[in-house]
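**Q** Got a structure for you, written out below as structure tokens; questions coming shortly.
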Amino acid sequence: MRRLAIPLALMLATTGLGAPAQAADKVKRTAQCQGDWIPGTPTAEDVMNGEISLVGQPAYKLGKKINWGASPYRNRSWEFVFHSLRWVGTLMVGYENTGEARYLERAKEITKDWVASNKRGASRTKPYVWKDHPTSLRTQALVCLSMHVKDGWLTGSLKEHAKLLSDARLYKKGHNHGIDQDIALMAIGCRLERRDWASLAIKRLTGTVKLDVDSQGALMEQAPRYAVYVYGRLQVAMTNMRDCDRKVPGEIAKRTEALKSFVAHSTEPSGYMVPIGDGSAETEPKMETGTPKEKVKVYRAGYVFGRTDWTKEAAYYSLRFGPGMKFHGHEDHMGVTYYADGRDILVDAGFHSYEKSAYRYWTLSPEAHNVPMVEGARFRPRTATKLTKATYGSGRQTFRVADKAYGVGRTRSVFVNHGEDVMAVRDSAGGGKKVRNLWRFDPSLTVVSNGGGKVVLGDGKYRVTLVQLAGCKPVGGQKVERGGKRGWVSPTYLSKKPASVVVSPAAKELVTVVVPGTDAPKVSCSGGKVKVNGVSVVF
């Protein structure tokens with residue numbers, strides 16, 4: 001999970017340092033070195049001892065002479081973080097906080113060796129070393145070191161980084177990588193007093209923010225958890241502008257502020273963000289968002305978020321629509337999640353990793369989400385989905401979404417009732433096609449019974465019931481997979497757990513009712529009108 005602020009006390013703790021205060025007083029603490037940019041691990045002593053742990057992987061022994069081609073876990077994220085040199089930054093923080101020269105000397109030694117061993121374009125340099133993101137993040141460590149080391153090799157490396165960062169052909173506009181590129185270029189521009197680099201960074205950043213964060217404050221990268229990262233990085237960018245005696249563009253400030261409400265709405269009552277797109281279920285936004293006035297929010301970017309109230313006991317749901325898949329999105333259009341009775345009920349498969357594996361690509365597919373699929377039709381990736389109806393009050397809400405992701409019309413209507421918690425969904429397809437759907441339940445819920453169009457799942461004494469109707473008649477034949485081809489979730493990075501997935505039969509129209517907290521809901525249907533525990537379902 002990403003934290004937006006690391007207090008000085010915590011920074012001291014994570015560097016594992018405790019030198020006398022008078023020693024630290026001899027070294028100036030700098031804004032370029034202090035702050036939220038260093039991972040919580042490894043500590044300064046870990047690095048001094050030649051051992052680092054990155055992205056949750058086991059500790060790796062560096063040794064005195066570092067092998068810069070190392071990839072002990074064949075993990076892309078590990079490789080990128082390794083070459084970001086942020087772990088070297090913990091030595092610099094240790095030096096500033098204690099005044100112990102050994103930290104500075106080792107940081108200088110490691111960085112100088114990296115510069116000599118990883119020249120851009122050299123045959124022995126791994127191609128990913130100079131990709132946009134490692135290059136951007138590495139700049140912070142280099143600028144930090146430059147506050148205490150004035151050597152020509154370091155200045156030369158900073159200029160080489162700036163040259164690459166300012167290359168328009170390599171700029172990731174409208175993406176969090178672009179934001180990091182601009183922060184890095186601005187840092188070098190200010191450090192080396194190159195106003196042209198700083199001005200370019202601010203100009204590009206303004207355009208990128210307008211593309212990445214819409215006027216409602218929704219992040220356009222299709223994974224809400226990245227809104228926390230982008231918010232934190234924009235805070236850094238604005239602080240750097242002020243420190244560089246530059247005015248913060250109003251559009252950047254306004255959209256950064258608007259992100260707070262988006263983060264609030266996309267956070268479940270549990271305090272964890274709903275795991276949509278490349279976002280794990282463990283993401284807990286450590287930032288002040290305030291409490292929005294609305295309990296239901298529709299974002300044009302493709303999200304509906306709703307809750308009964310802003311307490312921890314609230315019920316909560318999400319619905320996806322909007323532009324076709326891009327950046328950190330999944331093929332999850334028309335997908336829903338549902339949280340009630342203080343627990344997750346319906347969940348997405350989640351985010352496993354960025355590794356190029358069959359399982360990673362499966363987590364992106366429709367089958368990893370609670371969506372309708374058209375029988376006998378081929379799925380068309382990156383298809384946009386429209387929200388065609390949105391009616392909501394404090395007690396109940398109805399939404400309708402439609403697209404042609406299977407070449408024919410596909411429609412889903414979603415009804416949510418609060419108080420008497422109920423979620424009901426109606427799915428249909430055009431062209432005489434039949435539709436079936438998937439319902440992925442939280443891993444804690446296992447099948448208690450399955451028959452007659454009614455599936456009951458439970459966890460201890462807790463029960464939740466799924467009922468399916470076709471033309472007002474119960475439709476049986478549901479299959480439940482746990483493990484196997486579809487029955488998986490990834491609640492945390494690189495994890496994979498079995499979960500119960502209900503696969504419906506195919507029908508021209510399917511009505512699915514999910515009732516939390518009971519194994520005996522009263523569901524009736526007459527003339528196409530459905531009632532659940534006395535609540536009339538309105539599509």
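The values are calculated or read from the model by the stated rules, or taken from the named source; none is laboratory data. Because the structure is predicted, anything quoted here is derived from the model rather than measured. Cβ placement follows ideal geometry from the backbone for every residue including glycine, while neighbour counts extend to all protein chains displayed. When the accessible area is computed, the model is the full protein with side chains, heavy atoms only, and any ligands, DNA or RNA have been set aside. Shrake-Rupley method; radii C 1.70, N 1.55, O 1.52, S 1.80 Å.
**Q** In square angstrom, what is the accessible area per residue of the chain with a 1.4 angstrom probe?
**A** Here the residues of the chain average 41 Å² of exposed surface.
**Q** I'd like to compare 211-222, 42-53: which one has the highest average count of other Cβ atoms within 10 Å, and what's the full order after that?
**A** Ranked by mean Cβ neighbours within 10 Å, highest first: 211-222, 42-53.
**Q** When only the heavy atoms of the protein chains count and the probe is 1.4 Å, how do THR398, THR518 rank by accessible area, highest first?
**A** Output order, biggest surface exposure first: THR518, THR398.
**Q** Could you list which residues have their amide H under 5 Å from that of GLY322, counting only those 5 or more apart in sequence or on another chain, with H placed in the peptide plane?
**A** Placed amide hydrogens put THR385, LYS386, LEU387 under 5 Å from GLY322.
**Q** Give the distance, in whole Å, between the Cα centre of the stretch 167-235 and the Cα centre of the stretch 74-122.
**A** Computed from Cα coordinates, the inter-centre distance equals 24 Å.
**Q** Could you give me the ³J(HN,Hα) list for the stretch 448-455, computed from phi with Karplus coefficients 6.51, -1.76, 1.60 and θ = phi - 60°, whole Hz, x at Gly and Pro?
**A** 9, 7, 8, x, x, x, 10, 10
**Q** Can I ask one more? Between LYS529 and LYS389, take the C-beta separation as r, use R0 = 25 Å, and let me know the FRET efficiency to the nearest 0.05.
**A** With a Förster radius of 25 Å, E is 0.90.
**Q** Give the distance, in whole Å, between the Cα centre of the stretch 402-424 and the Cα centre of the stretch 314-381.
**A** Centre-to-centre (Cα) distance: 14 Å.
**Q** Let me ask something additional. What does the stretch 26-93 give for Rg and for Dmax, in Å, if only its C-alpha atoms count?
**A** Reported Rg and Dmax, both Å: 12.5, 42.
**Q** HN-Hα J couplings of the stretch 101-118 from phi, Karplus 6.51/-1.76/1.60, θ = phi - 60°, integer Hz, Gly and Pro as x?
**A** 5, 4, 5, 5, 4, 5, 4, 5, 4, 5, 5, 4, 5, 4, 4, 6, 8, 10
**Q** Still on this model: How much space per residue, in cubic angstrom, does the convex hull of the C-alpha atoms of the chain take up?
**A** Spelled out: Cα convex hull of the chain, divided by residues, is 157 Å³.
**Q** Go through LYS433/LYS479; LYS454/LYS485; LYS434/LYS461 and tell me which ones have a Cα-Cα distance over 26 Å in this structure.
**A** Result: LYS434/LYS461 exceed 26 Å.
**Q** What are the ³J(HN,Hα) couplings of the stretch 256-262, residue after residue, when phi is run through the Karplus curve with 6.51, -1.76, 1.60 and θ = phi - 60°? Round to Hz, x for glycine and proline.
**A** Ordered by residue, 3J(HN,Hα) equals 5, 5, 5, 4, 4, 5, 4 Hz.
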